[in-house]
Amino acid sequence: MSDNKNPVKKVSIICAKGTIEDVYAALVMGNGAVMEGIEANLFFTFFGLEAIMKKRMDNLHTGVVGNPAMRLPGGMRMPTLLGVIPGVEAMVSAMMKKEMDKLDVPPVSEFIELFVAGGGSLYACKLAADMFKIRKEDLSEHVKGIITVGEFYEKAGGEGSHIIFT
Amino acid sequence: MAQKTYAGVAIDVNEEGYFTNPAQWTKEIAAAIAKEEGLELTEKHYQVLEYLRNRHNGGEQLTIRGINKSGVVDVKDFYQLFPGAPLKKSTKIAGIPKPTSCV
């Protein structure tokens, strides 16, 4: 669409955190890429692995402690102490998901299906999987493999390719 | 305003080639735009185009999730029908504005 002579042809996106906002940032970027006809790899490492674990992917939370941008309805900053009350994190997370659903942003499992149907690829980081004792069968069947950082770089190569760390 | 001629009809389009007046659309025009995009339209394509136009005329936002749930086509087929940038390409052929959603 633009007259850019060096269009983005491939993106490899790394997601290392397991909060709702970190995971969705990676998924929106990845799915947005395949929708534009750009080849996309999503590589999940450390806490980001939660996003591709069958039993956890649809139960992600957002952090309510140590997040100065967290606001209460009405716009006031959410006091950190409020975040430590049991149930507050779950409530905030449920609200985030509800607002996203209104914008037709799918739950993680469905988003992953859309991304893969569009030709995107998902990978898990071997080092982090070993560390957290996560096996292939714990992961979504859409995950193509548990790979090393070296393999990741091999897949990330090519003209017009970019690596994004969210 | 720019104009482009498809199937012998002058169409009002924006600078990216999207219709500014969806009422000017016909099946023949769709086929001509598709040809320009390197596509030969099948019955299935027309079903999808009709769905997109109905959604647009109903004032609804087009998203890839909505298309998957449309019952007309699943996402995998949608990508195959309009390869490359499916939502951008299909809306152009359907004679409706380029979607503004990020999902």
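No value in this document is a laboratory result; all are computed from the given coordinates. From a predicted model like this one, the values you see are computed outputs, not experimental measurements. Cβ placement follows ideal geometry from the backbone for every residue including glycine, while neighbour counts extend to all protein chains displayed.
Worth a mention:
- Any hit, the stretch B:18-34, residues being surrounded by fewer than 11 Cβ atoms within 10 Å (Cβ to Cβ) and assigned to a loop (DSSP other than H, G, I, E, B): no
- Restricting the stretch B:43-77 to residues that are among the β-branched types (Val, Ile, Thr) and closer than 21 Å to A:Gly120 by Cα, the residue that is farthest from the other protein chains (Cβ to nearest Cβ) is B:Val73.
- If the condition is being within 18 Å of B:Pro97 (Cβ to Cβ) and touching a residue at least 24 places away in the same chain (Cβ under 8 Å), then the stretch B:1-10 contributes only B:Tyr6.
- Count of the stretch A:11-43 residues which are more than 23 Å from A:Val92 (Cβ to Cβ) and more than 14 Å from chain B (Cβ to nearest Cβ): 7
- Within the stretch A:112-143, being in a strand (DSSP E or B) and either surrounded by fewer than 16 Cβ atoms within 10 Å (Cβ to Cβ) or among the aromatic types (Phe, Trp, Tyr) (or both) holds for one residue alone: A:Tyr123.
- Of the residues making up the stretch A:101-111, not a single one is away from chain B (no Cβ under 14 Å) and outside any loop (DSSP other than H, G, I, E, B).
- When the criteria are applied in full, A:Met95 fails the requirement of being under 23 Å from the mean Cα position of the chain (by Cα) and buried (at least 17 other Cβ atoms within 10 Å of the Cβ).
- The residues of the stretch B:78-90 that are more than 9 Å from chain A (Cβ to nearest Cβ) and surrounded by 22 or more Cβ atoms within 10 Å (Cβ to Cβ), listed by number, are B:Phe82, B:Ser90.
- Scanning the stretch B:51-77 for residues that are acidic (Asp, Glu) and either part of a loop (DSSP other than H, G, I, E, B) or exposed (fewer than 14 other Cβ atoms within 10 Å of the Cβ) (or both) yields B:Glu60, B:Asp74.
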